[in-house]
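Undergrad: Take this structure, written in structure tokens, and hold onto it; I'll ask about it next.
The values are calculated or read from the model by the stated rules, or taken from the named source; none is laboratory data. If you're wondering where the values come from, they're calculated on a predicted model, not measured in any experiment. Don't worry about glycine lacking a Cβ; one is built from the backbone with ideal geometry, like all the others, and counts go over all protein chains shown.
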Amino acid sequence: MITRKRLRAGVCVLLATLAAGFGTALPAAADEPPTAASPKVELVLDVSGSMRTRDIDGGSRISAAKQAFNDVLDAVPEEVELGIRTLGADYPGDDRKVGCKDTKQLYPVGPLDRTEAKTAVATLAPTGWTPIGPALLGAADDLEGGDATRRIVLITDGEDTCGPLDPCEVAREIAARGTHLVIDTLGLVPNAKIRQQLTCIAEATGGTYTAVQHTEELSGRVTQLVDRAAEPVVTPVATEGAGSCSAAPALKAGLYTDRQEIGRHRWYRVDVLPGQELRASVSVGADRAVNNDYGVLLRAVTTHGREIVRGSESGSGRTDAISSGLRYPTAERDDDDVSDEDLKPAAESVCLELGNSFSAPASVKTTPGMPVELTIDLVTSPDEAADTAAFGLGRGWWLLGVMVLAGLIAGLLFGWISRWRVAVWRTN
């Protein structure tokens, strides 16, 4: 018969074993990497008089902006430090000199108090001028300091009314500081002149321009841009694709940027070792007024022109970027066929051809080309990767062993308890 004393001892053994196992499986806090600097974002909102116009979903532009801000503030990642700056919010008069200084920080860049930020936005009312250039300079100063990712998101319904300070030149000046600060612009009015100015501002700093005409679109795009600030930043390398495979630049694994004119092709070359897999993807930004139906093609071909694999994607004007990608695994080298004098494996040269089927009205400039972002990765072949993955489970065997031992002890205890209960029942 199993006594209560022996039962208690078994339970203690189980608990001690589990504690020891899980204690071994948990990493030490001292081994954790240092915390990275928090990314910084400042939302710059146009509160000029034209923002009272009622042409967005039956309401005013400022109402749509406020609703979008509330949605964005609810979704800001915890690690992002966010601030808000306004332009044209305070001065209602006709003095141009005074109106063109009307920009201020509504909420300081830092850890976000959602209630406080929403209250500040709720008090805004369309008032004055549109000093975009001064507002961008102020926002750049607000974001100074530290090595964190920095992003300005400008939301406006009009072009700058405070010349001769050209906001495009201001953006170039900010980019020239070398602070890696990106400016994204969102236009609430589908006007060609406004589009041109906002596109120029974004291009100067490597940002994006988006035209939005609905509250939901505005909320979604601003939220996307704030989330993007929280992502790890990889500085792309500028390159220039060639007009043919033979003249293509040789690229290694990494992130690259280029420009591609409408209807033109660009070529790049990658050397792939035996047993490696080439993974390539490309995104082309529609940073100007293009026709609705378009596409992008990425092909991998041999140096003799034979197509190996291709990836393609089509669009219909619903996004400002279109992407495609491909994968190409090379065969393993047979070491028996390689002499001792030539132990270095020969790489296979693969040419990547980037093509597009964009078209645009005759009034749209074709130069500079549209922005291109090309990602290239070279990874181990699937068979070798599987071996590596299996080896990586080494630390996990401790936890697996604990689980097996815990199951065994739990089964024994259940059997002992069942026998004890039956014995007690028979005695009574």
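Undergrad: Search region 156-167 for residues that are assigned by TED's automatic domain parsing to the domain that holds Ser60 and pair each with any residue that is of a type in the set (Asp, Glu) and surrounded by 23 or more Cβ atoms within 10 Å (Cβ to Cβ) when their beta-carbon atoms are under 8 Å apart and the residues are at least 6 apart or on different chains.
TA: Listed by first residue and then by second, the contacts come to Thr156/Asp46; Asp157/Asp46; Gly158/Asp46; Asp166/Asp160; Pro167/Asp160.
Undergrad: Quick check on Gly206: is it assigned by TED's automatic domain parsing to the domain that holds Ile152, within 13 Å of Arg151 (Cα to Cα) and surrounded by fewer than 20 Cβ atoms within 10 Å (Cβ to Cβ)?
TA: Yes: the conditions hold for Gly206.
Undergrad: For region 219-238, how many residues are more than 19 Å from Leu186 (Cα to Cα) and either part of a loop (DSSP other than H, G, I, E, B) or touching a Lys or Arg at 6+ places or on another chain (Cβ under 6 Å) (or both)?
TA: 7
Undergrad: Going residue by residue through region 246-263, is there one that turns out to be touching a residue at least 24 places away in the same chain (Cβ under 8 Å) and on the phi > 0 side of the Ramachandran plot?
TA: Yes, region 246-263 contains at least one residue that is touching a residue at least 24 places away in the same chain (Cβ under 8 Å) and on the phi > 0 side of the Ramachandran plot.
Undergrad: Based on this model, can you work out whether Val212 counts as crowded, with 16+ Cβ neighbours inside 10 Å, touching a Pro at 6+ places or on another chain (Cβ under 9 Å) and either hydrophobic (A, V, I, L, M, F, W, C) or at pLDDT below 90 (or both)?
TA: In short, no.
Undergrad: To continue, here is another question. Would you check which residues across region 208-225 are in contact with a strand residue (DSSP E or B) (Cβ under 9 Å, 6 or more places away or on another chain) and either basic (Lys, Arg) or farther than 22 Å from Ala192 by Cα (or both) and list them?
TA: Within region 208-225, Arg221, Leu225 qualify.
Undergrad: Is there any pair with a first residue in region 218-232 that is in contact (Cβ under 8 Å) with a residue 12 or more places away in the chain and a second that is part of a helix (DSSP H, G or I) and surrounded by fewer than 22 Cβ atoms within 10 Å (Cβ to Cβ) whose Cβ atoms are under 6 Å apart and which are 6 or more apart or on different chains, and what are they?
TA: From region 218-232, the pairs are Ser219/Asp71; Thr223/Ala75.
Undergrad: Restrict the check to region 252-266 and report whether at least one residue is touching a strand residue (DSSP E or B) at 6+ places or on another chain (Cβ under 9 Å), small (Gly, Ala, Ser), at pLDDT 90 or above and not assigned by TED's automatic domain parsing to the domain that holds Ser323.
TA: no
Undergrad: What is the number of the single condition among (1) in contact with a strand residue (DSSP E or B) (Cβ under 6 Å, 6 or more places away or on another chain); (2) modelled with pLDDT under 95 that Glu32 does not meet?
TA: In the conditions (1) in contact with a strand residue (DSSP E or B) (Cβ under 6 Å, 6 or more places away or on another chain); (2) modelled with pLDDT under 95, Glu32 misses (1) alone.
Undergrad: Continuing with this model, one more query. From (1) assigned to a loop (DSSP other than H, G, I, E, B); (2) of a type outside the set (A, V, I, L, M, F, W, C); (3) within 23 Å of Val290 (Cβ to Cβ), pick out the condition that doesn't hold for Asp147.
TA: (3)
Undergrad: Looking at region 110-122, I want the residues that are assigned by TED's automatic domain parsing to the domain that holds Val80 and have a partner that is of a type in the set (Phe, Trp, Tyr) and outside any helix (DSSP H, G or I) with Cβ atoms under 9 Å, at least 6 apart or on another chain. Which pairs are those?
TA: Here the result reads Asp113/Tyr107; Glu116/Tyr107; Ala117/Tyr107; Ala120/Tyr107; Val121/Tyr107, each pair linking region 110-122 to a residue that is of a type in the set (Phe, Trp, Tyr) and outside any helix (DSSP H, G or I).
Undergrad: For region 133-149, how many residues are under 16 Å from Ala175 (Cβ atoms), at pLDDT 90 or above and surrounded by 20 or more Cβ atoms within 10 Å (Cβ to Cβ)?
TA: 5
Undergrad: Give just the number: which of (1) in a loop (DSSP other than H, G, I, E, B); (2) without any contact (Cβ under 8 Å) to a residue 40 or more places away in the chain; (3) buried (at least 22 other Cβ atoms within 10 Å of the Cβ) does Trp129 not satisfy?
TA: Result: Trp129 fails condition (2) only.
Undergrad: Please verify whether Ala120 is small (Gly, Ala, Ser), over 21 Å from Thr208 (Cα atoms) and part of a helix (DSSP H, G or I), treating the condition exactly as stated.
TA: yes
To keep it simple, each residue is scored yes or no on (1) farther than 21 Å from Asp377 by Cα; (2) among the aliphatic types (A, V, I, L, M); (3) modelled with pLDDT of 90 or more; (4) part of a helix (DSSP H, G or I).
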site: Arg172; (1), (2), (3), (4): yes, no, no, yes
site: Gly207; (1), (2), (3), (4): yes, no, no, no
site: Glu240; (1), (2), (3), (4): no, no, yes, no
site: Cys245; (1), (2), (3), (4): no, no, yes, no
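Undergrad: Tell me the residue from Asp71, Asp94 that is closer than 21 Å to Val212 by Cβ and modelled with pLDDT under 95, please.
TA: Every option except Asp71 fails the conditions.
Undergrad: Out of the residues in region 87-115 that are within 28 Å of the chain's Cα centre (by Cα) and among the hydroxyl-bearing types (Ser, Thr, Tyr), state the one that is surrounded by the fewest Cβ atoms within 10 Å (Cβ to Cβ).
TA: Thr115
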